[in-house]
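Encoded as structure tokens, the structure appears first; notes follow it.
The values are calculated or read from the model by the stated rules, or taken from the named source; none is laboratory data. Since we're looking at a predicted model, the values are computed, not measured. Glycine gets a Cβ as well: all are built from the backbone with ideal geometry, and neighbour counts include every protein chain shown.
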Amino acid sequence: MSKVALITGATRGIGRQIAVTLAKEGYDIALNYRRENEESESVKKEIEESKVQCLAIKGDVSSFEDCEEFVKQVIEKFEKIDVLVNNAGITKDMLLMRMKKEDFEQVIDVNLVGTFNVTKNVISHMLKARSGRIINISSVVGVSGNAGQTNYSASKAGIIGFTKSLAKEVASRGVLVNAVAPGFIETSMTEVLKDEVKEEIAKNIPLKRMGIAQDVANVVKFLASSDSSYMTGQVLNVDGGMLM
Ligand code: NAP
């Protein structure tokens, strides 16, 4: 029986690359997305090229009810979830002086509360199975902080605390929980940055380039595999050496 991976926010960027990479490894894929569009259609087709099953479900991770519903649908179709990747995330950058309360709350609601909402609905199935992998996508700025990102950094630091606490709660039941902290990765999230800003960022990265989604997907693949079976509660930076 194939393993099943659920990836949130998987229509583009890092989430999409994780879904496609795990499909190539033979996982059946359940993917979640927020908005129906060309990308939500095309990712399913790309995954099915790997001859695995794919279930694509619409749902907002910041809504507990949506998460309850889409996790139910995944269980109905596949009967289990072996790997959960909490990837869905947003930014609303602004200096704190100018940040509206809604901008702070929205980012926390999607990135941190969303991670809780999905995990809360998945965990009982993993505990019953006495196995499972949860991989949370944090960020290096959750460790280092970043001007203009108090909301985002707080959400990503929260994910690290969540990861370590849950890892301690569920280790004895065979469920491993780790986080990946990407640096600057080329996706639509960072597309908004001006070229000069990107060049400046790359100059300050020891490996002298921004990362690509595949760099992150490769580490997620490792954390989902039996090669990482003695690792839990860890945060792996995928950042070209930005944070040491
Ligand atoms: P992206 O290209 O903007 O993609 C984000 C994905 O999340 C999209 O599929 C989006 O779907 C989905 N999403 C957003 N809000 C959602 C919600 N409420 N419910 C369900 N899905 C939702 O971003 P990315 O760069 O790939 O980032 C992926 C993850 O990596 C995020 O957690 C991000 O914080 C983290 N990260 C990224 C970088 C970077 O440099 N790119 C660095 C560190 C960490 P829609 O298309 O429907 O909006």
Check your understanding: Is there a residue being touching a Lys or Arg at 6+ places or on another chain (Cβ under 8 Å), closer than 26 Å to residue 113 by Cα and of a type in the set (Phe, Trp, Tyr) anywhere in region 28-45?
Key -> yes
Exercise for review: Name every residue in region 85-114 that is within 26 Å of residue 28 (Cβ to Cβ) and more than 9 Å from the ligand (Cβ to nearest atom), in order of residue number.
Suggested key: 85
Point to revise | Of all residues in region 173-207 being more than 24 Å from the chain's Cα centre (by Cα) and more than 16 Å from the ligand (Cβ to nearest atom), the one that is nearest to residue 243 (Cα to Cα) | key: 206
Review point. Take the residues of region 23-33 that are out of contact with any Phe, Trp or Tyr (no Cβ under 7 Å at 6 or more places or on another chain) and in a strand (DSSP E or B): which is surrounded by the fewest Cβ atoms within 10 Å (Cβ to Cβ)?
Key: 33
Check your understanding: Out of curiosity, is residue 57 touching a Gly at 6+ places or on another chain (Cβ under 7 Å) and either modelled with pLDDT of 95 or more or within 12 Å of the ligand (Cβ to nearest atom) (or both)?
Key -> no
Review point. Counting only residues that are in contact (Cβ under 8 Å) with a residue 60 or more places away in the chain, within 23 Å of residue 15 (Cα to Cα) and in a helix (DSSP H, G or I), how many does region 161-185 have?
Key: 3
Review point. Going through region 8-22 one residue at a time, which ones are surrounded by fewer than 24 Cβ atoms within 10 Å (Cβ to Cβ) and more than 11 Å from the ligand (Cβ to nearest atom)?
Key: 20, 21
Practice item. Inspect region 190-207 for any residue being among the polar types (S, T, N, Q) and at pLDDT 95 or above and give the result as yes or no. Key: no
Check your understanding: Going by the structure shown, is residue 39 within 15 Å of the ligand (Cβ to nearest atom) and assigned to a helix (DSSP H, G or I)?
Key -> yes
Check your understanding: For residue 84, are the conditions met, namely being in contact (Cβ under 8 Å) with a residue 40 or more places away in the chain and surrounded by fewer than 17 Cβ atoms within 10 Å (Cβ to Cβ)?
Key -> no
